[in-house]
Amino acid sequence: MKQRQIVLGVTGSIAAYKACDIVRRLQDQSCDVTVIMTDSAEKFVTRMTFEALSRKPVYGDMFARDVEWDMAHISLAKLADVFLVAPATANIIGKFANGLADDLLSCSLITTKAPVLLAPAMNSAMFANAIVQENIARLKQHGVNFVGPKSGKLACGDVGCGALADVDDIVKAVMALLK
């Protein structure tokens, strides 16, 4: 049986540390996980952490030159059986909803033909913002899947809807898309 390929985009949210657990849990489900990190994500969790967990290089620089020539945003988009972004910030949701592609993650997202699953994580006021909600609705109209966010205490101390969905729920949503 071919190992299922998950491309995991990690964006700049305090919830980025939970993506480490997502990698492990997906591996427990016989998935191979390839990680793309935004520059902002690297402010919260290091590449080395994801390289150790995934046992492979982490992507981030769209213009990185490897020994073998490759257009990473194309090859990563084609690799994915499911393309997961967790956490998905308002920024990446807005870029994706409007077809903006200015980094490796956003370019790969608009290129992939795989099912896309976004797991939003942001302050509740950001999540409730009408423009963010319009972007989410637009993506849903185009077949993009969402899991969460959930309500609870946020990193800033506020309480409301915006916390990253439970890791178990994210993994279940990925597995459902693989079926």
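The values are calculated or read from the model by the stated rules, or taken from the named source; none is laboratory data. As the structure is a computational prediction, the values presented were derived from the model and not from experiment. Here Cβ is always computed from backbone atoms with ideal geometry, including for glycine, and neighbour counts include all displayed protein chains.
Being hydroxyl-bearing (Ser, Thr, Tyr), at pLDDT 95 or above and surrounded by fewer than 21 Cβ atoms within 10 Å (Cβ to Cβ): is that true of Thr89 here? Don't jump to the end; show me each part of the working.
On the way: hydroxyl-bearing (Ser, Thr, Tyr): yes; at pLDDT 95 or above: yes; surrounded by fewer than 21 Cβ atoms within 10 Å (Cβ to Cβ): no.
Here the answer is no, as Thr89 does not meet what is asked.
Does any residue in the stretch 29-40 that is at positive phi come within less than 7 Å, Cβ to Cβ, of a residue that is assigned to a loop (DSSP other than H, G, I, E, B) and surrounded by fewer than 17 Cβ atoms within 10 Å (Cβ to Cβ) six or more places away or on a different chain, and which pairs are these?
Ser30/Gln3
As an exercise: evaluate Ala128 against (1) more than 16 Å from Val10 (Cβ to Cβ); (2) aliphatic (A, V, I, L, M); (3) touching a residue at least 60 places away in the same chain (Cβ under 8 Å) and give the number of the one condition it does not meet.
Among (1) more than 16 Å from Val10 (Cβ to Cβ); (2) aliphatic (A, V, I, L, M); (3) touching a residue at least 60 places away in the same chain (Cβ under 8 Å), Ala128 violates only (3).
Does Ser75 fit the bill of being under 24 Å from Lys150 (Cβ atoms) and at pLDDT below 95?
no
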